[in-house]
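Below is one structure, written out as structure tokens; comments come after it.
Please treat every number below as a calculation from the coordinates, not as lab data. From a predicted model like this one, the values you see are computed outputs, not experimental measurements. For neighbour counting, all protein chains shown are included, and Cβ atoms are generated from backbone atoms with ideal geometry for every residue, glycine included.
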Amino acid sequence: MLAIPEAEAIKKLAVIPVFVLTNAQGVPLPIPRDKTLILPLYLERKQADTELANFNKANPQIKAQVLPIPLNIANEKVEELNKQLKDGRTLVAPVVSRDQDRQQAVAILKKQGLSDKQIQDGLTTPVFFTKPFLTINTPQGQRGVFFFRYDDLQKALAGTPDATKLEPQAADLTAALREIVKAKDDVFVFFPTPDYFALVQQQQKAAPAAAPTAKP
């Protein structure tokens, strides 16, 4: 029996915002390529802003913007959009990591003995963890952590006693989700990216301004 359903595991990705290019109405702007539409989901706002600048240069007539969406919601939206496509095309939405995180994951996997082909075929969205698992305290108790950024893992290890006993590992996001689903209990979390904390701060600042003022 599964510890938690797959849908619950995917909900844990709510703390991972991805940044998508959309038009002014919030409709995604995928890139057509043969019979495929490619919609990159950028893990870092800076990457998306660079792509927005390139898009605006090439398409000055379209008012485009960058929209943050939690990764679990982005997955649902991609599924919905695929159902709406009627012309035999498919929408593919790769999660785009930072180059340095991909390079770090490749280095770790090579050290573990994986070949270039195995890495090329199996690594789409790298995540990092340690063996044995680095844990953090949450309101629900201690949880093992998966990180999307290698430097976040390094920072967490810097504040951990016995960090030398924890060996950094890398895997694809699909493997991490499988691990979460098949674990005997609900014992894993994803560590929020810096952009998540930045968005929360923005929302907190905007909330008082948006709140209606009480009349005396």
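Rounded, prolate or oblate, given the Cα gyration tensor of segment 56-155, with a/c below 1.5 counting as rounded?
Cα axes put segment 56-155 in the prolate bin.
Comparing PRO30, PRO60, PRO192, which has the greatest mean-square fluctuation in the GNM of the chain with Cα pairs linked when under 10 Å apart?
PRO60
Give the relative contact order (percent, whole number) for segment 12-96; include only Cα pairs under 8 Å separated by 6+ residues.
About 43 percent, as a whole number.
Output the relative contact order of the chain, whole-number percent, from Cα pairs under 8 angstrom with separation of 6+ residues.
Taking the mean separation of contacting Cα pairs over the length of the chain, I get 25 percent.
Using a 7 Å offset from the Cα along the Cα-to-Cβ direction at both ASN56 and LYS117, what is the distance between the two label points in nm, to one decimal?
4.5 nm
In whole Å, largest first, what are the principal axis extents of the Cα atoms in segment 98-194?
40, 29, 26
About the Cα centre of segment 98-194, how large is the charge dipole given +1 on each Lys and Arg Cβ and -1 on each Asp and Glu Cβ? Please answer in debye to the nearest 20.
120 debye
Distance check, please: which entries in LYS12/LYS110; LYS110/LYS182; LYS83/LYS110; LYS11/LYS155; LYS57/LYS205 exceed 30 angstrom between their Cα atoms?
Those over the limit are LYS83/LYS110; LYS57/LYS205.
Would you kindly calculate the translational diffusion coefficient of the chain, applying Stokes-Einstein with the Kirkwood radius from alpha carbon pairs, for 20 °C and a viscosity of 1.002 mPa s, and quote it in µm² s⁻¹ without decimals?
The calculation lands on 111 µm²/s.
Would you please state which residues of segment 133-175 a label at LYS110 would reach in this model, taking the label point 7 Å out along Cα→Cβ and a backbone N cut-off of under 18 Å?
The answer is 150, 168-172.
Taking springs between alpha-carbon atoms closer than 10 angstrom, which of ALA156, ALA206, ALA53 fluctuates most in the Gaussian network model of the chain?
Result for the chain, Cα springs under 10 Å: ALA206 fluctuates most.
For an R0 of 30 angstrom, estimate the FRET efficiency from the Cβ-Cβ distance between VAL200 and GLN154 and round to the nearest 0.05. Mind showing how you got there, number by number?
On the way: r = 23 Å, r/R0 = 0.75.
Computed FRET efficiency for VAL200 and GLN154 comes out at 0.85.
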